[in-house]
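The values are calculated or read from the model by the stated rules, or taken from the named source; none is laboratory data. No experiment lies behind these values; they were computed from the predicted model shown. Don't worry about glycine lacking a Cβ; one is built from the backbone with ideal geometry, like all the others, and counts go over all protein chains shown. These accessible areas exclude ligands, DNA and RNA; they are computed on the full protein's heavy atoms, side chains included. Shrake-Rupley method; radii C 1.70, N 1.55, O 1.52, S 1.80 Å.
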Amino acid sequence: MADLTDWMDENSGPHIVWYVKRLAANDTLANESHQAGPYIPKEFFLGVFPSLNRPRDKNPDKKVELTIDSHCDARPVRAVWYNNKTSEPDAPGAKKKSKRDECRLTRFGGARSALLDPESTGSLAVFAFYRGETGESEVCHVWVCDTEVEADLVEDRVGPVEPGKLTVWTVDENDPLLPKRSRPQNSCWLEPEEFPSGWLSVFPTGAEIIRKTVELRSGHGLPVDSRLLKRRRCEYELFQSLEEATELPIIRNGFDNIEDFLARAQHILQRRKSRAGLSLELQTREIFLEENLLQGTDFDHQPESEPGKHPDFLFPSKSHYSDPAFPASRLRMLAAKTTCKDRWSQVLTEAQRIPEKHLLTLQEGMSVRQFTNMTEAGIRLVVPTPIIGKFPSQVRPHLQSLESFIADVRLLRVN
């Protein structure tokens, strides 16, 4: 991994800003999009390309010299703001046309580019934009992570990168492009005086944060899948506000030496990764309980299926799984992984009595080939309903929602 480590060092500096994302099917050619190319949030896009902030001009664009260093690919690409939503007012009485207001990088030459290759869907990509004195970027260097080992190296520097989340990083903490963390309206962001007693002195466990999330966003009456995603957003905001309340005073007090500073930074990053790794699993467990599934009767959380193997969830219970007389056809297992591009194979060694493994993921799409490989290996994907539309049309009919999965496991109660 020396190449990636060197690349991150070489492409860091006060005049360089990173945009880091997990490539969705709408970024690559996995969904056969007519406007294929990585989506970039407009606020960030116009920050690195201020010359394109011309809302009255139709689809303002410019050429950018872009190099995908991970795959030895260099070419001029098009940075474009598709803005007919703002540049083309509807004529009185005219039929309303489809309106767009989004920013993308395009003209990568098709699936030969690592950024458009359907097999890159779900991969972590780092865009390092070089900016001049005016803030305008003319050059961009990119690294597309081929493995989760590479992705882990990036996340060690910038923190966890979840599907659909904007991550901006630069060595200059005063860079105006860094997202400003403040309390959004109707959010789960709490002020210091609003946290439960003791949270500011001893950082709470993941389970405690989940319980507070449920209190803030009960979601009763919402469909299961929407409830899960709404709470995930709430939990993220809650965690960010708590992190700021506990860590910002320490940072402002300064450090006696560089080693103390680096140790604190590493502590913060590790805590972020720990939260990201457990969040989906703990949120799903809470949903099961709310849907009247009894732990120990209808499901077990983190049981040992075989020596050293602990699937996230077994249904109806470990005792049923351990009973050779209980039919394997009435056993289920569920793994919870926020992203699954390279991690799905880990599930195959768990719960050997169960040939079809269910895997809950929040990954925003995958290639047909990736899906076929998983299916042939015995993986059945469980995807929250609002995300299913991000998968290729050929794949969608074979995905199961979390609500549907819960309905299936309820039937396991029948004697």
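What to note about this one:
- Isolated Cys residues of the chain, judged by Cβ distance under 4.7 Å to other cysteines: Cys72, Cys103, Cys140, Cys145, Cys340
- Here the extension length gained between Arg100 and Gln266 equals 55.7 nm, from 0.36 nm per residue of separation less the Cα-Cα distance.
- For segment 20-71: Kirkwood Rh in Å [reciprocal of mean 1/r, alpha carbons]: 13.0
- Here the spin labels are modelled as points 7 Å beyond Cα on the Cα-Cβ line, and at Leu222 and Ile251 they lie 2.8 nm apart.
- Dipole magnitude (debye, nearest 20) for segment 103-146, charges at Cβ of Lys, Arg, Asp, Glu: 140
- Once you reduce segment 252-273 and segment 367-415 to the center of their Cα atoms, the two points are 41 Å from each other.
- Between Asp6 and Arg56, full extension at 0.36 nm per residue minus the direct alpha carbon distance yields a gain of 13.8 nm.
- Rule-of-thumb Rg ratio for segment 96-135 [Cα; 2.2 N^0.38 Å; N residues]: 1.65
- Considering only beta bridges that DSSP places wholly inside the chain, some 75 percent are antiparallel.
- Hydrodynamic radius by Kirkwood, which averages 1/r over all alpha carbon pairs of the chain, in angstrom: 23.4
- Taking all Cα pairs closer than 8 Å and separated by 6 or more residues, the relative contact order of segment 340-407 comes to 31 percent.
- On full extension, the segment bounded by Ala207 and Leu348 gains 48.1 nm, given 0.36 nm per residue less the C-alpha separation.
- Accessible solvent surface per residue of the chain, calculated while the other protein chains remain in place, 1.4 angstrom probe, Å²: 48
- Across the accessible surface of the chain, with the other protein chains kept in place and a 1.4 Å probe, carbon and sulfur atoms take up 50 percent.
- Pairs spanning more than 21 Å between alpha-carbon atoms, out of Lys165/Lys390; Lys99/Lys390; Lys165/Lys341; Lys165/Lys273; Lys42/Lys341: Lys42/Lys341.
- Charge dipole of the chain (Cα centre as origin; +1 on each Lys and Arg Cβ, -1 on each Asp and Glu Cβ, all else neutral): 1900 debye, rounded to the nearest 20.
- Cβ-Cβ FRET estimate between Thr147 and Thr297, R0 fixed at 41 Å, reported to 0.05: 0.55
- Only aspartates and glutamates eight or more places from Lys58 in sequence, or on another chain, were considered; those with a Cα closer than 18 Å are Glu43, Glu88, Asp90, Asp101, Glu102.
- Considering only Leu228, Leu178, Ser241, the residue lying farthest towards the positive end of the dipole of segment 164-246 is Leu228, judged by Cα position with unit charges set on Cβ.
- Two numbers describe the Cα atoms of segment 274-415: Rg and Dmax, which are 14.5, 41 Å.
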